[in-house]
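Just below is one structure, and these are the notes that go with it.
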Amino acid sequence: MQNICNDIKYIGVNDTEIDLFEGMYSVKKGISYNSYVIIDEKIAVFDTADAHFTEQWLNNLDKALGGKKPDYLIISHMEPDHSANIASFVNVYPEAQIVGNRKTFIMLDGFFGSGIKNRKEVADGETLSLGKHTLKFIFAPMVHWPEVMVTYDSASGVLFSADAFGTFDLSDGVLGEEWDNEARRYYFGIVGKYGAQVTSLLGKLSMYDIKSIYPLHGPAITGDIARYIDKYCLWAGYKPESDGVMIAYSSVYGHTARAAKFLADNLRANGCTDIRVCDLAREDRSMCVAEAFKYGKLVLATTTYNADIFPAMREFITCLTERNYQNRMVAFIENGSWMPMAARLMRERFEKSKNLRFAENNVSILSELSEDNVRQLSLLAAELCK
Ligand code: FEO
């Protein structure tokens, strides 16, 4: 990542060895743990890096400092992918103050014991002058943990955004559509449950003239900032990005998959062009979840299994409902060789979901598609394309 200006330097690391981020998310290219330093009359470091990168991160910092000593280590977030090296930092720079809020320091004690004493507790909206740069701390609880705070630097217009605006990518990753896909997966995976809190943060940020966003993962966002903030407004508000249809299915012997594909063909014939068909048992779960939030209409097709829903579908629906899936249209296709009941069971799982509209034309299959099913699927396609 390039330095935004001469006195803000990037000192983070790229992790290309990681298999699963947070023990569950695949990251094809790897992921960065971003860290920054502002060199001014006073020197402030923003966050550390994952425990596997102590030496590399300290070397990056040492090089950026050019023989100077840091005055502050600002803790945006205490999750270990960013905080693991606080004690190592204190060992090397014992005179620097650790800057955080009351909740930060409760977690600091939890992770490191109470031995780190040189602390500066800040309040929401408090400022800290480094000289030319004045930092404003803006609390962002539950984006992604309760202690999270973002920092706005009025001199450069940089927002140090913590986990917000992060993505599953390296620090030199690309913006645009590739960012959309991985940042959406990251957003709904990591903070999708906390849309209200993200919306609240976006409201607070609307009064700042943000020129660049420096997140804790992935590339810096520069240029058309509004494009990326608009995406976050949609995601945080649980609003669809596309009026198209996602068909998510699980299939044991291929019959339910055929129904999903037949429906997709019918949708195309009805003029619907933005269609995503997703095999829940074989595709990346977190990508399927993120895409369910992208589309305004969702068709769930699955088999009855152990008098319940097939496991891949059950887990998928849980991922949606625990992230407050809402404001969309949902349709069901069930299959069962002797007593299909998956449609009713799927619908029950959305009982607590807000503002869902359920399709009138659901489809019940007894093993293989019947002529009646073909007719039902055509009616469903027409209803979805209205
Ligand atoms: Fe990248 Fe919530 O930590």
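The values are calculated or read from the model by the stated rules, or taken from the named source; none is laboratory data. Here the structure is a predicted model, which is why all the values come from computation and not from measurement. Every residue, glycine among them, receives a Cβ derived from its backbone with ideal geometry; neighbour counts consider all protein chains shown. For accessibility, only protein heavy atoms count, side chains too; no ligands or nucleic acids. Shrake-Rupley method; radii C 1.70, N 1.55, O 1.52, S 1.80 Å.
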Sorted on mean Cβ neighbours within 10 Å (highest first), peptides 93-100, 305-312 come out as 93-100, 305-312
Which of the DSSP-defined H helices in the chain satisfy a minimum axial length of 27 Å, computed from C-alpha atoms, and a minimum mean Kyte-Doolittle hydropathy of -1.0? none
Given H placed 1.01 Å from N in the peptide plane, which residues other than close sequence neighbours of Cys278 have an amide H under 5 Å from its amide H? Ile247, Ala248, Tyr249
Number of Lys pairs in the range 139-294 with C-alpha atoms less than 29 angstrom apart, excluding same-chain neighbours closer than eight positions? 16
For the chain, what number results from the quotient of the Cα radius of gyration and 2.2 N^0.38 Å? 1.13
Round to a whole number: what % of the accessible area of the range 45-165 belongs to carbon and sulfur, probe 1.4 Å? 50 percent
Let me know the charge dipole size of the chain about its Cα centre in debye, to the nearest 20, where only the beta-carbon of Lys, Arg (+1) and Asp, Glu (-1) is charged. 800 debye
Just how large is the dipole of the range 129-275 about the Cα centre, in debye to the nearest 20, putting +1 at every Lys and Arg Cβ and -1 at every Asp and Glu Cβ? 320 debye
Sorted list, accessible surface of protein heavy atoms, 1.4 Å probe, largest first, for Lys69, Lys386, Lys9 is Lys386, Lys69, Lys9
Could you let me know the centre-to-centre spacing of the range 194-215 and the range 52-127, using Cα atoms, in angstrom? 24 Å
For a label point 7 Å from the Cα of Glu41 along Cα→C-beta, name the residues of the range 60-94 whose backbone N is under 19 Å from it. 68-73
Give, to the nearest whole percent, the P(r) tail of the range 45-195 beyond 29 angstrom, counting all Cα pairs. 16 percent
In this structure, among Lys103/Lys136; Lys68/Lys120; Lys103/Lys354; Lys9/Lys69; Lys42/Lys136; Lys68/Lys103, pairs with alpha-carbon gaps over 25 Å are Lys103/Lys354; Lys68/Lys103
Just to be sure I understand the model, the point goes 7 Å from the Cα along the line to the Cβ. What's the resulting Met341 to Asp109 distance in nm? 5.2 nm
Shape parameters for the range 147-189, alpha-carbon atoms, Rg then Dmax in Å: 11.9, 33
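Among 108-118, 289-299, 332-342, how do they line up from the highest to the lowest mean number of other beta-carbon atoms within 10 Å?
Working: 108-118: 12.6, 289-299: 23.7, 332-342: 19.5.
Going from most to least packed, we get 289-299, 332-342, 108-118.
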222 nm [θ] for the chain, helices only, -39500 (n - 2.57) per DSSP H run of 4+, per residue, to 500? -10000 deg cm²/dmol
Net charge around Lys9, counting only other residues with Cβ within less than 14 Å of its Cβ (Lys, Arg = +1; Asp, Glu = -1)? -3
For the chain, set up a Gaussian network in which alpha carbons nearer than 10 Å are linked by springs, and say which option among Val252, Val45, Val158 fluctuates the most. Val252
Expressed per residue, the solvent accessible area of the chain in Å² (1.4 Å probe) is about 42 Å²
Extended-chain gain in nm, criterion 0.36 nm per residue less alpha-carbon gap, Tyr208 and Ala123: 28.8 nm
Net charge near Asp180: determine it from the other residues with C-beta under 15 Å of the C-beta of Asp180, scoring Lys and Arg +1 and Asp and Glu -1. -2
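Starting with the highest mean, order 349-358, 209-218 by the number of other Cβ atoms within 10 Å, averaged over the residues of each peptide.
Most protected by this proxy first, the peptides run 209-218, 349-358.
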